[in-house]
1. Looking at V136 and the list (1) touching a strand residue (DSSP E or B) at 6+ places or on another chain (Cβ under 6 Å); (2) touching a residue at least 40 places away in the same chain (Cβ under 8 Å), which single condition is not satisfied?
2. Residue pairs, Cβ under 7 Å, 6 or more apart or interchain, first in the range 282-309 and in contact (Cβ under 8 Å) with a residue 60 or more places away in the chain, second part of a loop (DSSP other than H, G, I, E, B) and exposed (fewer than 14 other Cβ atoms within 10 Å of the Cβ). List them.
3. Return only the number of the condition from (1) more than 16 Å from ligand 1 (Cβ to nearest atom); (2) over 24 Å from R42 (Cβ atoms); (3) in contact (Cβ under 8 Å) with a residue 60 or more places away in the chain that S89 does not satisfy.
4. Considering S38, S72, S55, which residue is polar (S, T, N, Q), within 16 Å of ligand 2 (Cβ to nearest atom) and either within 17 Å of L306 (Cα to Cα) or modelled with pLDDT of 95 or more (or both)?
5. Being part of a loop (DSSP other than H, G, I, E, B) and either charged (D, E, K, R) or more than 16 Å from ligand 1 (Cβ to nearest atom) (or both) is true for just one of E69, E100. Which residue is that?
6. What helices (runs of 4 or more DSSP H) lie completely within the range 209-302 and have 1 or more residues being modelled with pLDDT of 95 or more and within 16 Å of ligand 2 (Cβ to nearest atom)?
7. Would you pick out the residues in the range 141-157 that are in a loop (DSSP other than H, G, I, E, B) and in contact with a Gly (Cβ under 8 Å, 6 or more places away or on another chain)?
8. So K58 clears everything in (1) in a helix (DSSP H, G or I); (2) under 21 Å from the mean Cα position of the chain (by Cα) except one condition, right? Which one?
Amino acid sequence: AFATDAAGYHTVATLEQDLRRLAEAHPEIAELHEIGRSVEDRPLWALRIGERRGSTRKVAFLGCHHAREWISVEVPYLLAEHLLQTSSSEPVQGWLQQGEVWVAPMVNPDGHEYTRTENRLWRKNRRRNRDGSVGVDPNRNYGYMWGTLDVNTSSHVPADETYVGPRAFSEPEVRAVRDLVARQLFGGVLTYHSYSQLLLYPWGYTSEPVEDEADLGEMRELAEEMHQLIKGVHGTTYTPQQSSQLYPTAGDTADWTYGEYDAPSLTVELRPASALDGGFVLPPDQIQPCWEENRPAALHFIDHVLGRPAR
Ligand code: 0X9
Ligand code: ZN
């Protein structure tokens, strides 16, 4: 065992506290939802931000499918805080009058807790597998083309880091996201990971581009615009590319939200750029600059999704 308080980063407990505080401080526009429970029975939280319940324009931001990717909790959390702090001025006010932003900063709390107390580099959830190994990769467990690859980046071997699970949506954390998306029908989904500084669009399961040219153009253009916006803040480069170019995976979040719902879907790999800069262990003094550079890109994603005709 090592760490204690995740210095500078949220823990499962402090995230819950802070989400409750945010919701209580902005009761007219924020509502905290328990969208499910983890394998170890921890609550899975999503904050709904918007003036009207049940609007038809909605966008979702997800974080921490992978336990060790701590920065992927902070960016969506800080986005929620920012939206609430600036909710009475434009452009946020307009978005929140017309639509909703849903933020679920920690999809995999069991894994996160384990990285804090036992093994900082744990990736998967904490499922006890039948062969005695532990963990399913939540970002291989979604139901679009699930299980169609059998490679080391998308594995059917339970002990592997990228274990896809025994069947699609076998994991409660992934079912919670599935059910949230099925209820809310988001017009766009952005899921944060780390690291490598990339803006990834579907497909992940095949090197073929998505068939619909308009969708492909839309997601490519979005990624390109976000790349420019990020670069404009601190000069940091986040490279746009098709997910499968990084490596092939079946059952990732963005393939499912795009493949099943046609929602423009991006995976954002946050700081740092490489293992030489710390890899998954990003120093806490990097949280603020990482958030600062991702802020205009996240706001652009919201504007793009909520600014389109309702679905
Ligand atoms: O492997 C993943 O799930 C993501 N990278 S990470 O280092 N955060 O684990 C990338 C998912 C994007 N999809 C594909 N590369 N196909
Ligand atoms: Zn990840």
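1. (2)
2. P284/A7; D303/P91
3. The single condition S89 does not satisfy is (3).
4. Numbers: S38 fails: within 16 Å of ligand 2 (Cβ to nearest atom); S55 fails: within 16 Å of ligand 2 (Cβ to nearest atom).
Only one candidate passes the filter, namely S72.
5. Details: E100 fails: part of a loop (DSSP other than H, G, I, E, B).
None of the other options fit; the residue is E69.
6. Values: elements: 213-234, 243-246, 253-261.
By residue number, 243-246, 253-261.
7. So the first thing to find is which residues in the range 141-157 are in a loop (DSSP other than H, G, I, E, B), and the list is 141-150, 152-153, 156-157.
Answer for the range 141-157, where residues must be in a loop (DSSP other than H, G, I, E, B) and in contact with a Gly (Cβ under 8 Å, 6 or more places away or on another chain): N141, Y142, G143, Y144, M145, W146, G147, H156.
8. (1)
The values are calculated or read from the model by the stated rules, or taken from the named source; none is laboratory data. If you're wondering where the values come from, they're calculated on a predicted model, not measured in any experiment. Cβ sites come from the backbone with ideal geometry, for glycine too, and all protein chains shown count toward neighbours.
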